[in-house]
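The values are calculated or read from the model by the stated rules, or taken from the named source; none is laboratory data. Note that the structure is a prediction, hence the values are computed from the model and not measured. Methodologically, a virtual Cβ is constructed for each residue, glycine included, from the backbone with ideal geometry; neighbour enumeration extends over all protein chains shown.
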Amino acid sequence: MYPFKIPQALAGATLALGLLSAASAAAQELRYAHVGAEGDIQTRYAAEAAQAIDDATGGEVTIQVYPASQLGGVGEMVDGIRMGSISMGHHDFASLARIVPEVAVFNAPFIYRDGEHALSATDPAISPALQELNEKLIAEGGVRIIGRIYRGDRHISSNFPVKTPADLEGKPFRAVPLDLWVSMVKGFGATPTPVEVSELPTALMTGLVVGQENPLTMISANKLYEVQSHVAMTGHMQSILAVFVNEEAWQGLSEEHRAAITEVLDQKAEESLQWATESEAELMEELEGHGMTIITEEDGLDIPAFREAVLEQIRTDFPNYEPYIEQIAAVE
């Protein structure tokens, strides 16, 4: 009997198939969840970051994005990332306060000089305050912040003119279902009413709440102009979101892949600031075109009154934020 020989072409094809199978087996897929709607900066960020990570890792790390609360609201998303059923996601820093309460300081109103300062102060590589709190998040929740997104200044929308906190006194106003937002809305003079973002248009339509606050991108993307008549340009908060990952999933990636992902997220963070800055004037014009009235300081909007009232409420409710606020202020 003669030894069986595999034809050279077949042998090559078999080898190629084997290598392809090995490469496929080595590819790692991360499930990425967020609550943003189509048209929002955060949704663009996640989609573009996923594609850029695929490109940067040669397809060895793929990101499957689940937007618009597909995997649940904020609480479910954070819990899913802690447990590892969701690999990563993004939301306000304060969404992680259930793990480390002080991390909500990065969403505190009136603490950043501008968008560039907000990005620097929330950079995991250079921010002392974030580095300290990140270690606590890893130790206590198995979650790590690896990036951030800038969505623009947050402003107040309502179905009546708002110029001072007195205009909101006693009125039901939507608060993000997080302690920091509840405190801030108290500072506005209103009655905080927690509402998930997916339920916000209905809550505004039915009168459960008479107003809310968000970047103009979100007001436009969610068509809140259909249920709100005014926007007060308070700019009370630079909307900065944390991108966070399950620590076990993160450590399961190679050092090279972690570096590639971090580089992509940093680049997209800078781009998000550019998107937000360029879009605000256009969005103001768009919202006016939909019938909304824009209220600025020239129209009598008293931003100092909001700043004083809100910061007083924050200091009362969160006295332990003070050292972190000082560290944030010191970041160049």
| field | Residue satisfying condition, being touching a residue at least 24 places away in the same chain (Cβ under 8 Å), within 19 Å of residue 233 (Cα to Cα) and small (Gly, Ala, Ser), within set 142, 147, 189 | value | 189
| task | Would you mind stating whether residue 259 is out of contact with any Pro (no Cβ under 6 Å at 6 or more places or on another chain), over 30 Å from residue 165 (Cα atoms) and of a type in the set (Gly, Ala, Ser)? | result | yes
| query | Any residue in the range 17-30 that is modelled with pLDDT under 95 and among the hydroxyl-bearing types (Ser, Thr, Tyr)? | reply | yes
| query | Can you find even one residue in the range 245-259 that is among the hydrophobic types (A, V, I, L, M, F, W, C), touching a residue at least 40 places away in the same chain (Cβ under 8 Å) and buried (at least 21 other Cβ atoms within 10 Å of the Cβ)? | reply | yes
| message | Looking at (1) of a type outside the set (D, E, K, R); (2) in contact with a Leu (Cβ under 7 Å, 6 or more places away or on another chain); (3) modelled with pLDDT of 95 or more, which one does residue 217 not meet, given that it meets all the others? | response | (3)
| field | Residue within the range 232-244 that is of a type in the set (Gly, Ala, Ser), more than 21 Å from residue 171 (Cβ to Cβ) and without any contact (Cβ under 8 Å) to a residue 60 or more places away in the chain present | value | no
| field | Residue check, residue 214 in contact (Cβ under 8 Å) with a residue 24 or more places away in the chain, closer than 23 Å to residue 310 by Cα and surrounded by 18 or more Cβ atoms within 10 Å (Cβ to Cβ) | value | yes
| message | So the check is Cβ under 7 Å with 6+ separation or different chains; which pairs have a first residue in the range 71-86 that's closer than 18 Å to residue 181 by Cα and a second one that's basic (Lys, Arg) and not in a helix (DSSP H, G or I)? | response | 78/98
| Is the range 167-188 home to any residue that is of a type in the set (Val, Ile, Thr), modelled with pLDDT of 95 or more, touching a strand residue (DSSP E or B) at 6+ places or on another chain (Cβ under 7 Å) and over 18 Å from residue 92 (Cβ atoms)? | no
| task | Output the number of residues of the range 84-118 satisfying the condition of being assigned to a strand (DSSP E or B) and either touching a His at 6+ places or on another chain (Cβ under 6 Å) or at pLDDT below 95 (or both). | result | 3
| query | Which residue, of 314, 325, is more than 19 Å from residue 165 (Cα to Cα), β-branched (Val, Ile, Thr) and out of contact with any strand residue (DSSP E or B) (no Cβ under 7 Å at 6 or more places or on another chain)? | reply | 325
| Do we find that residue 63 is of a type in the set (A, V, I, L, M, F, W, C), more than 22 Å from residue 239 (Cβ to Cβ) and crowded, with 19+ Cβ neighbours inside 10 Å in this structure? | yes
| request: Being at pLDDT 95 or above, in a loop (DSSP other than H, G, I, E, B) and within 15 Å of the chain's Cα centre (by Cα) is the filter here, so list the residues in the range 36-67 that pass it. | output: 67
| the range 186-221: number of residues that are aliphatic (A, V, I, L, M) and either part of a loop (DSSP other than H, G, I, E, B) or more than 19 Å from the chain's Cα centre (by Cα) (or both) | 8
| message | For residue 134, only one of the following conditions fails: (1) part of a loop (DSSP other than H, G, I, E, B); (2) closer than 19 Å to residue 262 by Cβ. What is its number? | response | (1)
| task | List every residue pair whose Cβ atoms lie under 7 Å apart, where the two residues are 6 or more positions apart in sequence or sit on different chains, the first residue falls within the range 290-309 and is surrounded by 14 or more Cβ atoms within 10 Å (Cβ to Cβ), and the second residue, located anywhere, is modelled with pLDDT under 95. | result | 307/110
| said: Being without any contact (Cβ under 8 Å) to a residue 40 or more places away in the chain and either surrounded by fewer than 24 Cβ atoms within 10 Å (Cβ to Cβ) or closer than 27 Å to residue 207 by Cβ (or both) narrows it down to one residue among 135, 116; which is it? | reply: 135
| task | For the range 69-83, enumerate the residues that are assigned to a loop (DSSP other than H, G, I, E, B), modelled with pLDDT of 95 or more and within 14 Å of the chain's Cα centre (by Cα). | result | 69
